[in-house]
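Below is one structure, written out as structure tokens; the observations come after it.
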Ligand SMILES: Nc1ncnc2c1ncn2[C@@H]1O[C@H](COP(=O)(O)OP(=O)(O)OP(=O)(O)O)[C@@H](O)[C@H]1O
Ligand SMILES: [Mg+2]
């Protein structure tokens, strides 16, 4: 026997405090649901597949002290040495490291001698071991032959003849081709030198996973001494040993240089540090707001029950069971929470509209609001539960004993 | 109808134990109107609370309507209160947030009656106490005597076998007290058994029987002259 109507009329006589709690709940819902959308978007960003074996890769880079240092000779010797080390699965040399926040990008065209309408993409210069060393998946065509690898001076006009691109690069540059891009050529800006696509890798997010060109990538069979990193993939579980060993051996082979070693995991964490901070701050906000609203509900319920002790005794005397008393306060709480959630759902949409317009934040799906609403409803009921159960212990003799 | 044998009730606090009732025995027959008097602190309210299942005795036997109520669960006691017993309190004890209609509705909802039946009973009992026109008023908008009449209506709406009243006229002036008394006598004539605690010797004398509680025991049983007064106008 639900006594909704009388509870509502009694509540109506305390509408200010009830409404204040409802408003607080609504506001919490609006903020929490929007925070949750941002958190889930950021989490998705961080955890989306990168296309590379990010947890098995270590990278090295060095600065040579003498001016007349033969870099290309050093590369050859270093890489030969590294590949022979125990625990090393594969190694390549590249101008940039994926997920690191530092890279090169350029404009790409389907026709020669164009200056406008380019598609932006990351590009890498790598040697023939790159697919294996990065842990990528070649889904069509081939990688590079050793004899294709050129030495490129970035200030010169040297151009590679072939390229391996990511699936996304292919789809975006040749949207009509349905993925059949092997043998097709692309051009750089204002240039009539065709570069033929000989292979496609499934995925590579590139150096800037949060940028609009993330996922597009072109690999060139080339080595340059301007920017270079050794990218070394360790056998599973041996990354940290390999990091130490390679660093040691590089220093051993030639002590005249400063070696900088890093794990790709660390570089990725640094790149996403801002997103991670945002996730932590917003999670903190969610916990704090929920805690405050729960405290408010506990406080109001306890206050009302104390105020209505006599009334509870009278109700018990008139035949209310303990259950009926607890139920009364839970239903009362439910009504307040329902009002708050109705207000909050509307407020959440309005607030989200503002965030989308002004801050380019993701839109709030209904499912997230519903999820948060149900969560807050549970919190609200849990907060009222203990006081409501204690109210049931008020003795019916309260009706005759107190004045 | 109501039979108490060697009922004991003691309250224990950290330092002292109060024996509110001891060796308390009493029998009340169906249809009786019993008044209870006695000095302050003698155990009158304690007796009424035990009779009305608001408190449990420390010892002794209590038969209500032939049923031993000693071992009943809290839930069963609540249902028994709801079905068989009507309460009238000195302080009226109407629920301030609810209008008269909803106040009388409270025990009827616990009873599980449907909306139509509840409405019928509420309207009838408000009619009986002469306040039908005030159904939508809040208790605070009524005089003390009117509030007590609503409380009586609330007690009567469930058509209880027993009416227990603890100083129902204690907060009323003598005119209103007489009106309430007449209402109770009227109800009694229609068959409801009434036990009423009062400090007013005149009212006590108007009951069929007066019992005196002194120091937690029935001190003296005597019949009082039966004043058969006509019911309220
Ligand atoms: N909850 C309690 N805890 C401790 N002692 C109590 C409690 N309730 C009642 N008493 C004591 O029990 C005794 C009887 O109390 P009771 O209320 O029955 O007296 P009463 O006859 O109704 O008095 P009054 O005429 O003043 O209403 C008193 O001494 C009182 O102090
Ligand atoms: Mg008393």
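The values are calculated or read from the model by the stated rules, or taken from the named source; none is laboratory data. The structure presented is a predicted model; accordingly, all values stated were derived computationally and were not measured. All Cβ positions, glycine included, derive from the backbone under ideal geometry; neighbour counts span all protein chains shown.
Out of the residues in the range B:19-48 that are touching a helix residue (DSSP H, G or I) at 6+ places or on another chain (Cβ under 6 Å) and not in a strand (DSSP E or B), state the one that is farthest from the other protein chains (Cβ to nearest Cβ). Give the derivation first.
We begin by selecting, within the range B:19-48, every residue touching a helix residue (DSSP H, G or I) at 6+ places or on another chain (Cβ under 6 Å); these are B:20-21, B:33, B:35-38, B:45.
Of the ones still in play, those that are also not in a strand (DSSP E or B) are B:38, B:45.
Details: B:38: 15, B:45: 5 Å.
Filtering first and then ranking leaves B:38.
Give the number of residues within the range A:56-90 that are outside any strand (DSSP E or B) and crowded, with 20+ Cβ neighbours inside 10 Å. Walk me through it before giving the result.
From the range A:56-90, those outside any strand (DSSP E or B) are A:56, A:65-87; that's our starting set.
Add one more test, that the residue is crowded, with 20+ Cβ neighbours inside 10 Å, and what stays is A:56, A:78, A:82.
Here the count works out to 3.
Filter the range A:307-320 for residues that are more than 52 Å from the chain's Cα centre (by Cα) and not in a helix (DSSP H, G or I); which is nearest to the other protein chains (Cβ to nearest Cβ)?
Going through the qualifying residues, I end up with A:319.
Would you confirm whether or not the range B:25-32 contains a residue that is under 20 Å from the mean Cα position of the chain (by Cα) and farther than 18 Å from residue B:207 by Cβ?
Yes, that holds for at least one residue.
Given the range A:111-183, what strands (runs of 3 or more DSSP E) lie entirely inside it while holding 3 or more residues that are crowded, with 17+ Cβ neighbours inside 10 Å and within 34 Å of the chain's Cα centre (by Cα)?
A:119-126, A:162-166
Looking only at the range A:40-73, count how many residues are free of Cβ contacts under 8 Å to residues at least 40 places away in the same chain and more than 26 Å from residue A:257 (Cβ to Cβ).
Total satisfying the criteria: 2.
Quick test for you: out of B:119, B:75, pick the one residue that is within 7 Å of another protein chain (Cβ to nearest Cβ), outside any loop (DSSP other than H, G, I, E, B) and surrounded by fewer than 19 Cβ atoms within 10 Å (Cβ to Cβ).
Residue meeting the stated conditions: B:75.
Looking at the range B:20-37 only, could you name the residues that are within 16 Å of ligand 2 (Cβ to nearest atom) and farther than 22 Å from residue B:185 by Cβ?
B:20, B:21, B:24
Given (1) away from every other protein chain (no Cβ under 14 Å); (2) surrounded by fewer than 19 Cβ atoms within 10 Å (Cβ to Cβ); (3) on the phi < 0 side of the Ramachandran plot, identify the lone condition not met by residue B:130.
Condition (3) is where residue B:130 drops out.
Can you work out which of the residues in the range B:80-93 that are at the interface with chain A (Cβ under 7 Å from one of its Cβ atoms) and assigned to a helix (DSSP H, G or I) is nearest to the chain's Cα centre (by Cα)? Lay out the reasoning, then the answer.
The initial filter retains those residues of the range B:80-93 that are at the interface with chain A (Cβ under 7 Å from one of its Cβ atoms), namely B:81-82, B:87, B:89, B:91, B:93.
Those left that are additionally assigned to a helix (DSSP H, G or I): B:81-82.
On the way: B:81: 11, B:82: 13 Å.
Residue satisfying both the conditions and the ranking: B:81.
Filter the range B:45-104 for residues that are closer than 23 Å to residue B:138 by Cα, away from ligand 1 (no atom under 16 Å from the Cβ) and in contact with a strand residue (DSSP E or B) (Cβ under 7 Å, 6 or more places away or on another chain) and give the result.
Across the range B:45-104, the qualifying residue is only B:86.
Residue A:242: in a helix (DSSP H, G or I) and touching a residue at least 40 places away in the same chain (Cβ under 8 Å), yes or no?
Working: in a helix (DSSP H, G or I): yes; touching a residue at least 40 places away in the same chain (Cβ under 8 Å): yes.
Yes.
Considering only residues of the range A:363-374 that are in contact (Cβ under 8 Å) with a residue 24 or more places away in the chain and part of a helix (DSSP H, G or I), which is farthest from the chain's Cα centre (by Cα)? So that I can check it myself, show each step before the final result.
So in the range A:363-374, the residues in contact (Cβ under 8 Å) with a residue 24 or more places away in the chain come out as A:363-365, A:368-369, A:371-373.
From what is left, the residues that are part of a helix (DSSP H, G or I) are A:368-369, A:371-373.
Details: A:368: 17, A:369: 20, A:371: 20, A:372: 20, A:373: 24 Å.
Taking the candidates together, the pick is A:373.
Are any of the residues in the range A:331-349 assigned by TED's automatic domain parsing to the domain that holds residue A:26 and farther than 17 Å from residue A:28 by Cα?
Yes, there is a match, as at least one residue in the range A:331-349 is assigned by TED's automatic domain parsing to the domain that holds residue A:26 and farther than 17 Å from residue A:28 by Cα.
So which residues in the range B:160-183 are within 27 Å of residue B:117 (Cα to Cα), part of a loop (DSSP other than H, G, I, E, B) and more than 13 Å from chain A (Cβ to nearest Cβ), if there are any at all?
Within the range B:160-183, just B:161 meets the criteria.
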